[in-house]
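The values are calculated or read from the model by the stated rules, or taken from the named source; none is laboratory data. Owing to the predicted nature of the structure, the values given are computational and were not obtained by experimental measurement. In this analysis, Cβ positions are derived from the backbone assuming ideal geometry, glycine residues included, and neighbour counts consider all displayed protein chains. Heavy atoms of the whole protein, side chains included, go into the accessibility calculation; ligands, DNA and RNA do not. Shrake-Rupley method; radii C 1.70, N 1.55, O 1.52, S 1.80 Å.
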Amino acid sequence: MPRASHAGDIVVLVGMMDVEFGATTFVVVDVELRRQPGGLVPAAVAALALSGADFQPLWRVHQEIREELHSSWKKPRAPRLPHELPAGSAGLALREIERHVTAQPHRIVAALGFIEASLLHTERAACPRLASLIRWDAVELARTACPGVEGGFEELARHLSVPLPPGPRPATQEAWTVAQVFRHAVERGATAGRWSTFAQLEEIAGTAPKPVEEKYLPPPTVQGSLFG
């Protein structure tokens, strides 16, 4: 009988998920916003990478964004190349996360993820690997794993016994919280028999990104292994 074994607070899915899930690195991304005249703009970005095999943390990145941006960052504009990015820019922050994305298959995980997807596409010339990754919605997975639970992310987190620090959460703390919701949702759904394969989870929660122009992408031999 497939089971979940526990090592500390890490849940290892033993015989529950397929090889494709275990071979994937899940990059949990969160963008922290601040309010300035003209609207909300990115203030920081954090990423926490988890191994699909056992949910062990692989690496973490936290980058402050100090560039003064108007809220038009949400609107399409010509992407800036790496040499055009000012210090403290969102593009440079995402580029730092990009450096960790290697040849192993990756997926981005976010809570809803609309803000993250918009920023990644805007800065796609600086982070073409990240911007080309399929995004999994941790909230959608949690809703499927916890049928009947009303409300949004915080209600689902509580139902999954994920502790929520009081008050606004900075990007690094939010990324950790999203990672725990993702981990517990996958375990809950697998235990209940709702899924057992990578493909099933991708069908439930996956969203393909907007295409990144070929001129920004890595060479084809690298690209195929990154985004498969």
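For the chain, with a Gaussian network of springs between Cα atoms less than 10 Å apart, report the residue from GLU123, GLU96, GLU203 with the top mean-square fluctuation.
Comparing GLU123, GLU96, GLU203 in a Gaussian network model of the chain, the most mobile one is GLU203.
Carbon and sulfur: what percent of the stretch 154-226's accessible surface (1.4 Å probe)?
So the carbon and sulfur contribution to the accessible surface is 55 percent.
Just to verify a number: FRET efficiency for PHE114 and HIS83, C-beta to C-beta distance, R0 = 30 Å, to 0.05?
E between PHE114 and HIS83, to the nearest 0.05, is 0.55.
Got the relative contact order for the chain handy, in percent, Cα pairs under 8 Å and 6 or more residues apart?
The value is 23 percent.
Could you pull out every whole DSSP H run in the chain that spans at least 18 Å of Cα extent along its own axis and averages -0.5 or higher on the Kyte-Doolittle scale?
Result, helices passing both filters: 171-191.
For the chain, what is the mean residue ellipticity at 222 nm derived from helices alone (per DSSP H run of n ≥ 4: -39500 (n - 2.57); sum divided by total residues; nearest 500 deg cm²/dmol)?
Helix contribution divided over all residues of the chain: -9500 deg cm²/dmol.
Pop the C-beta distance of GLN173 and GLU214 into the FRET formula with R0 = 35 Å and round what comes out to the nearest 0.05.
The calculated FRET efficiency here is 0.40.
Computed from the coordinates I sent, Rg and Dmax of the Cα atoms in Å equals one of [x] 23.3, 92; [y] 22.1, 86; [z] 17.4, 57. Tell me the label.
Comparing each candidate, only [z] matches the computed number.
Suppose we keep just the DSSP beta bridges with both residues in the chain; what percent of those would be antiparallel, to 5?
The antiparallel proportion sits near 80 percent.
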